Amino acid sequence: MRRYFLIAIIIAIVAATYLADFFIKKERSFDEVLRLKQENENLRAQIQLLKFNGQNSILNTNFITAKVFSTYPFNIKNKITINAGEKQGIKKSMVATVGENILLGQVTDVFENFSVIQTIFDPAWQLPVRIGKEEINGLFKAGNEPKVILIEKEKQIQTDDIVYSASQEFPYGLKIGEVAEIKETAAGVFKEAVLKMPFNVGELREIKILMTN
Amino acid sequence: MRKLPILFLSVGLLSFLQSFGFSIFGVKPNLALVAVIAASFFVANFWQGLLLIALAGLILKFAPGFEKEIMIFSLIGAGAVIIKNRLPWHQFLSNLTLIALGILIFYVILAPNLILSPIFLKELFLNLILGILIFAFFSFLWQNKTA
């Protein structure tokens with residue numbers, strides 16, 4: 001009798017896991033210090049970008065704010081679930097940001113009231129970027145230690161130089177991070193830069209989705 | 001002491017910890033899989049092991065819809081419950097072998113390109129350390145009473 005009860009519970013849990021849209025939301029409480037830190041990073045990014053571009057191309061764009069409900073639990077990907085979906089106008093491939101000036105990622109799956117975002121920390125993520133005022137080209141490579149590779153050796157980059165998006169998929173000039181360390185070898189024509197990221201995915205409570213038609 | 005509620009609670013808590021993004025030096029250990037494998041040596045029967053796997057799978061699910069990763073996680077856990085008593089070594093060593101094998105299979109199926117990356121080795125190392133600690137904790141609770 002006890003065994004049948006156990007089997008019934010297992011079947012119920014498995015059905016909820018694989019056949020239903022149910023998932024346990026792991027929304028965390030809002031931390032005022034973290035919010036201020038993120039606001040500060042966002043303003044810094046805005047100032048840095050205004051210095052470079054003279055204007056911010058995304059300031060007049062519509063954003064929708066969404067709460068972070070859950071984070072991907074394994075190392076092989078880096079994704080988050082948010083509480084906005086089809087009903088709120090979210091579509092696949094829309095751009096997600098922290099504040100309005102820091103690139104977070106892209107919407108990969110959309111459900112009725114939820115969406116999944118692949119973040120720039122995902123190991124599979126690669127993105128053309130530019131570095132500093134000189135707009136030096138590089139390729140952003142995400143993962144455990146985010147870095148910019150394929151930087152021409154003769155180009156001058158410095159620590160604290162801002163790294164920003166230069167891909168057609170995203171608005172030009174969204175901040176990704178800052179150069180923390182430059183790695184150069186005697187051989188080869190390229191150097192790479194290890195990045196300091198302006199946020200930690202685990203600390204995110206609220207994000208923004210850039211609304212496009 | 002009743003084993004199942006304690007195992008249920010331990011696996012549940014560690015799964016929640018993992019799904020909240022717990023990480024050590026930027027590496028997220030697979031706490032749920034480690035807990036399920038270590039706990040499988042202390043459950044009374046196959047169904048209790050399956051219950052722990054189902055619980056961990058439900059907690060780890062992070063979005064609506066079907067998730068391949070949770071399915072692979074559950075199959076690896078179920079495999080560990082089935083073969084744990086067929087391994088010729090002491091349970092402590094079998095636990096570590098199953099954890100290493102489980103993590104390897106997980107990566108081979110879901111992210112083969114990451115097997116040669118430092119993230120795999122770091123996660124494997126962390127999982128083995130945590131596997132030792134969790135197994136030692138359960139052994140301490142039920143000395144000489146393992147199933």
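Things worth noting here:
- For the stretch A:56-121, taking the reciprocal of the average inverse distance between every pair of different Cα atoms yields a Kirkwood hydrodynamic radius of 12.2 Å.
- Dividing the Cα radius of gyration of the stretch A:126-196 by 2.2 N^0.38 Å, with N the residue count, gives 1.00.
- Radius ratio Rg over Rh of the stretch B:18-70, counting only Cα atoms, Kirkwood formula for Rh: 1.02
- Both radii were evaluated on the Cα set of chain B; the Rg over Rh quotient, with Rh as the Kirkwood radius, amounts to 0.94.
- Residue with peak Gaussian network fluctuation, chain B [Cα springs, cutoff 10 Å], from B:A111, B:A136, B:A56: B:A111
- Per-residue mean of foreign Cβ neighbours for B:109-121 is 3 (Cβ atoms of other chains, 10 Å radius).
- Loop-located trypsin sites (Lys or Arg not before Pro) in the stretch A:71-163, at most 12 other Cβ atoms within 10 Å (DSSP): A:K92, A:K133, A:K153
- Dipole of the protein assembly as shown, positive direction: furthest Cα of B:F62, A:F121, A:T61, with charges on the beta-carbon: B:F62
- The Cβ shell under 13 Å around B:G77 holds other residues with a net charge of 0, Lys and Arg each +1, Asp and Glu each -1.
- When chymotrypsin sites (Phe, Trp or Tyr not before Pro) are flagged only if DSSP places them in a loop and at most 13 other Cβ atoms lie within 10 Å, the longest unflagged stretch of chain A comes out as A:31-213.
- For the peptide A:21-28, the mean number of other protein chain Cβ atoms found within 10 angstrom of a residue's Cβ is 4.
- Computed [θ] at 222 nm, deg cm²/dmol, chain A (DSSP H ≥ 4; -39,500 (n - 2.57); rounded to nearest 500): -6500 deg cm²/dmol
- Among the residues of B:15-25, the average count of other protein chain beta-carbon atoms within 10 Å of the residue beta-carbon is 4.
- Rg over Rh [alpha-carbon atoms, Kirkwood Rh] for the protein assembly as shown: 1.03
- Cα-centred dipole magnitude for the stretch A:126-196, charges only on beta-carbon of K, R (+1) and D, E (-1), debye, nearest 20: 80
- Percentage, to the nearest whole number, of Cα pairs in the stretch A:63-213 over 28 Å apart: 21
- Of the trypsin sites (Lys or Arg not before Pro) in the stretch B:1-100, those whose Cβ has at most 13 other Cβ within 10 Å and which sit in DSSP loop: B:R2
- Chain B: relative contact order as a whole-number percent, Cα under 8 Å and 6+ apart: 29
Where a number appears in this text, it was derived from the coordinates with a stated rule and is not lab data. All values reported here derive from a predicted model rather than from experimental measurement. Because the Cβ atoms are built from the backbone with ideal geometry, glycine has one as well, and the counts that use them run over all protein chains shown.
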